[in-house]
Amino acid sequence: MEKEYLKILIERYLEGNASPAEVKELCDWIKTNDSLDRWLMREIEKCDSHIDQEVYDRLYARIKESIDSRERVPFYKRKMFVSAMRWAAIICLPIIAALTVYELSRTMSSDTLPLIVSADRGERAKAQLPDGTKVNINSASQISYPQDFNQKKRVIELDGEAYFEVTPDKSRPFVVKAAGLEITVLGTSFDVCAYKNENEVSVVLLTGKVDVTSEKSRYTMSPNEKLVYNKSTGLMRVAKVYSKDYVEWTDGNLRFENESLDNIVKVLSRVYNVKIVFDEGFPKEQYVFTGSIGSGGITNALDILSMTSSLRYEICDSVIVLRKK
C-alpha cells in the first residue's frame with residue numbers, strides 16, 4: 001500500500017469518513033504489515049520517560065512475538081517517550097479498535113444480535129413479539145430481545161417505559177429486565193417505567209399476577225397495585241391504585257397522581273421533545289398535580305397546569321420557561 005494513500009486512508013478513518021470497504025482495507029494492512037511492529041519497537045527502544053517495568057516487558061514481548069522469531073534484539077531496561085504514547089492514543093488505539101470491530105462483525109453470526117424496537121423523544125411505538133405479546137413503547141424508550149425469543153425462553157430488556165399485554169404460556173414465563181429488576185409473568189398486562197436517568201422504577205399491574213425481584217427483595221403483585229423500586233436504597237414500596245390511569249399514555253393522554261411539578265416537567269419534555277426550564281427562584285417543590293392531560297400538544301398541557309396552579313409559561317427561543325404568576 002503506497003504511503004500517500006495509506007496516509008489519506010488513516011486520515012479518513014480518524015475523521016469518521018472512511019467507508020466500510022476502506023476500513024477493511026486498512027485493517028487488512030495492519031494485520032499483515034510487519035513494518036508497523038518494527039517501527040513501534042524502535043520507538044520503545046529510544047524512549048526516555050517513565051513506564052512501569054512489568055508493563056514495558058509485556059508490551060515489548062508482545063511486539064517481538066509478532067516479528068520473525070529469528071530476529072534478536074538486545075533486551076535492556078527502556079522507558080516510553082511521551083510523544084510515542086500520544087501516537088498510540090491518537091493513531092494506534094483507534095485503528096486497533098477498528099480492527100477489533102471489523103473482526104467481530106465478520107465473525108459474529110447475525111443470529112446472535114438482539115432485535116431492538118425503540119421510540120425517540122416525542123414519539124411512541126407499538127410492537128408485536130413473536131409469541132403474540134403486544135407492547136406499547138413510550139417516548140425515549142426501547143425494548144430488546146434475542147433472536148430465539150419464541151423458542152426456549154421469553155426475555156425482554158427494557159430501557160424507559162412500556163406497556164405489555166403478554167400472551168399466556170405456562171411453559172415459558174415472560175421476563176422483563178429493567179434497571180435492576182426482574183418482572184416475571186405467565187400471561188398478564190402491566191406497565192413498567194424504568195428510565196436510566198431516574199432513581200425510581202415503577203411497575204403497575206392491570207391483570208394477572210407479576211413477580212418482581214431485585215437483589216434485596218421480592219414481591220408478588222396483584223391487580224391494581226403499583227410497586228415503586230428505589231435504585232439507591234434497593235427498597236420497594238407498594239400502593240393500591242386505579243391501574244388504567246397509568247396506561248392512558250398508550251392513547252396519547254397523560255395521567256398524574258399527586259405528582260411533583262419537577263417530575264411532570266421531565267415527562268412533558270420527554271413526550272413532546274421540548275426543553276422546559278424553571279425561572280430562577282421558582283418554588284417548584286410547592287406544586288403537585290393530580291389529573292389527566294389530553295393529547296392536545298405541549299401548549300394544551302401547560303395551559304391545564306396554569307389553570308390549576310399559580311404558574312405561567314413563556315416561550316423564549318424555542319425554550320419554555322415556567323414562572324410564578
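The values are calculated or read from the model by the stated rules, or taken from the named source; none is laboratory data. Note that the structure is a prediction, hence the values are computed from the model and not measured. Methodologically, a virtual Cβ is constructed for each residue, glycine included, from the backbone with ideal geometry; neighbour enumeration extends over all protein chains shown.
Hey, among 206, 181, which residue is assigned by TED's automatic domain parsing to the domain that holds residue 228, buried (at least 16 other Cβ atoms within 10 Å of the Cβ), touching a helix residue (DSSP H, G or I) at 6+ places or on another chain (Cβ under 7 Å) and not acidic (Asp, Glu)? First the steps, then the outcome.
On the way: 181 fails: touching a helix residue (DSSP H, G or I) at 6+ places or on another chain (Cβ under 7 Å).
Sole residue among the options that is assigned by TED's automatic domain parsing to the domain that holds residue 228, buried (at least 16 other Cβ atoms within 10 Å of the Cβ), touching a helix residue (DSSP H, G or I) at 6+ places or on another chain (Cβ under 7 Å) and not acidic (Asp, Glu): 206.
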Given the structure, is residue 177 without any contact (Cβ under 8 Å) to a residue 40 or more places away in the chain and more than 17 Å from residue 227 (Cα to Cα)?
no
Looking only at segment 267-301, which residues are part of a helix (DSSP H, G or I) and not charged (D, E, K, R)?
267, 268, 269, 271, 272, 286, 298, 299, 300, 301
Conditions (1) assigned by TED's automatic domain parsing to the domain that holds residue 186; (2) assigned to a strand (DSSP E or B): number failed by residue 233:
(2)
Only one of these is outside the structural domain of residue 134 (by TED's automatic domain parsing), surrounded by 14 or more Cβ atoms within 10 Å (Cβ to Cβ), part of a strand (DSSP E or B) and among the aliphatic types (A, V, I, L, M): 304, 320, 264. Name it.
320
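Every residue in segment 273-325 that is among the basic types (Lys, Arg) and touching a residue at least 24 places away in the same chain (Cβ under 8 Å), please.
If we filter segment 273-325 for residues that are among the basic types (Lys, Arg), which is where we start, we get 275, 284, 312, 323-325.
The answer is 275, 284, 323, 324.
I need the full set of residues from segment 220-243 which are aliphatic (A, V, I, L, M) and surrounded by 13 or more Cβ atoms within 10 Å (Cβ to Cβ), in order please.
Here is the first cut: in segment 220-243, the residues aliphatic (A, V, I, L, M) are 221, 227-228, 235-236, 238-239, 241.
Selection gives 221, 227, 228, 236, 238, 241.
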